[in-house]
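Following: one structure in structure tokens, then a few remarks.
Bear in mind that the values in this text are calculations on the coordinates, not laboratory data. Computed from a predicted model, the values in this text were never measured in an experiment.
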Amino acid sequence: MSPSPSTNTRKQQASGTVVRRQHTISLLVENKFGAFNRIAGLFAAKGYNIESLSVGPTEEEDVSRMTIVTEGDDPIIEQITKQLHKLIDTIKVVDLTYDSFVERELVLIKVQTSTATRSEIMQIAEIFRAKVVDISPRTLTLEATGSGQKVDAIIKMLKPFAIKEIARTGRVALKREFQGDV
């Protein structure tokens, strides 16, 4: 069993080392004008970086879910979550980092191709279960979904073929409900 986050934080503070790590924060917010700006403004005002941000409607039409990926040590993340709780449009804030959660990201990648390289690019797409969503004599556009690591891996594999454009959605995440063996 690994030590709890608070135990790790006490050990870090005692040793004088600070461990910064990536955190995935899920927010439910009222779907109102300016809510997004207030949240982004909080990060900007405090000097915190947003590495990834995804926003979309939920099963309730007046509520949106935001998934924010940021980096910091435990005290900084605790401060961020407390500040997010104080915002008027915020319904719920959860740092998923220490929970079991499902995450996905979508990427569209436009790759330069020729008749000589098209089949190799298609093989890479098949390995990553990517779909060809657009084709021209000189390019292929692929759609891939998966964890951030999977998205990074397909991009790395396609770099030698001259990537022309990339569009990434950022991470979306939900906490897992089932916590046992299957």
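If the convex hull of the alpha-carbon atoms of the stretch 5-99 is projected onto planes in all directions, what is the mean projected area in square nanometres?
Its Cα hull, projected and averaged over all orientations, spans 6.3 nm².
Mind telling me which of T70, T58, T24 comes out most flexible in a GNM of the chain, alpha-carbon contacts under 10 Å?
For the chain, modelled as a Gaussian network with Cα springs under 10 Å, the answer is T58.
For the chain, with a Gaussian network of springs between Cα atoms less than 10 Å apart, report the residue from E30, E59, E143 with the top mean-square fluctuation.
Its mean-square fluctuation being the largest, the pick is E59.
Note the angle between two axes, namely the Cα long axis of helix 35-46 and the longest principal axis of the Cα atoms of the chain, as a number of degrees from 0 to 90, rounded to the nearest 10.
70
Among K92/K131; K32/K156; K32/K82, which pairs are too far apart, with a Cα-Cα distance over 28 Å?
K92/K131; K32/K156
Quote the relative contact order of the chain in percent (integer), defining contacts as alpha-carbon pairs under 8 Å separated by 6+ residues.
24 percent.
On C-alpha positions alone, give me the angle between the axis of helix 74-86 and the longest principal axis of the chain, in degrees, nearest 10.
Compared with the principal axis, the helix lies near 80 degrees.
Please compute the volume of the convex hull spanned by the alpha-carbon atoms of the stretch 58-157 and report it per residue in Å³.
Hull volume normalised by residue count: 148 Å³.
Quick one: angle between helix 148-158 and the longest Cα principal axis of the chain, in degrees between 0 and 90, rounded to 10, please.
30
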